[in-house]
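Comments concern the structure below.
The values are calculated or read from the model by the stated rules, or taken from the named source; none is laboratory data. Because the structure is predicted, anything quoted here is derived from the model rather than measured. When we count neighbours, we look across all protein chains shown, and the Cβ atoms used for this are built from the backbone with ideal geometry, even at glycine. These accessible areas exclude ligands, DNA and RNA; they are computed on the full protein's heavy atoms, side chains included. Shrake-Rupley method; radii C 1.70, N 1.55, O 1.52, S 1.80 Å.
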Amino acid sequence: MQEKAEKRVEMLKKRVKRCVCKSCGGKLSLRQLDYNEFEDARIEIFCDNCDRLEFGIEPEIYTSAQYYVDEFRVNMYPDMGNNQLTRRMSIASISDIMSWALQNMGYLTKEGFSVPPDMEGKILRECIVLDDQMVDELEQELSP
């Protein structure tokens, strides 16, 4: 039983180092929590910013979900209005969806990405300004 608990704590430590909160993108920490007087205390992952238990999400997934929600104005909870809380909840929901899809495609495991994500050179929140000459060059490049 002790060995199983040690493996769990080691897994949580690794997760805290590499993951972020799926609601706010903040740093995670480990906390020892007492659930009741009869059960042993357990170590859990906690978001200090949100002040809640959180298992975390890969930072690349959080960044992609945040971009998706903001760029396409996604609100997964329209009945609750359009505010900062629904934005955070929407980012968390989209993060879960992205994480689920990546797990099912075999790109994400319990230990993180099985293939390192390539976030360099990706256009997130950047604007490209093309002049007429650049458009003409691109058209020539793309035409058969």
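Here are a few things to note about the model shown:
- Accessible area of the chain divided out per residue, in Å², using a probe of 1.4 angstrom: 74
- With all protein chains in place and a 1.4 Å probe, the accessible surface of the chain carries 52 percent carbon and sulfur.
- Helices of the chain meeting both criteria, an alpha-carbon length of 24 angstrom or more along the long axis and an average Kyte-Doolittle score not below -0.5, with helices taken as full DSSP H segments, are 84-104.
- By the compact-protein rule of thumb, 2.2 N^0.38 Å, the alpha-carbon radius of gyration of the chain corresponds to a ratio of 1.39.
- Mean residue ellipticity (222 nm) of the chain, computed from DSSP H runs ≥ 4 via -39,500 (n - 2.57), nearest 500: -14000 deg cm²/dmol
- Loop-located trypsin sites (Lys or Arg not before Pro) in segment 1-103, at most 11 other Cβ atoms within 10 Å (DSSP): 73
- Of all stretches in the chain that contain no chymotrypsin sites (Phe, Trp or Tyr not before Pro) in a DSSP loop with at most 11 other Cβ atoms within 10 Å, the longest one is 73-144.
- Charge dipole (debye, nearest 20) of segment 17-105; +1 at Cβ of Lys and Arg, -1 at Cβ of Asp and Glu: 340
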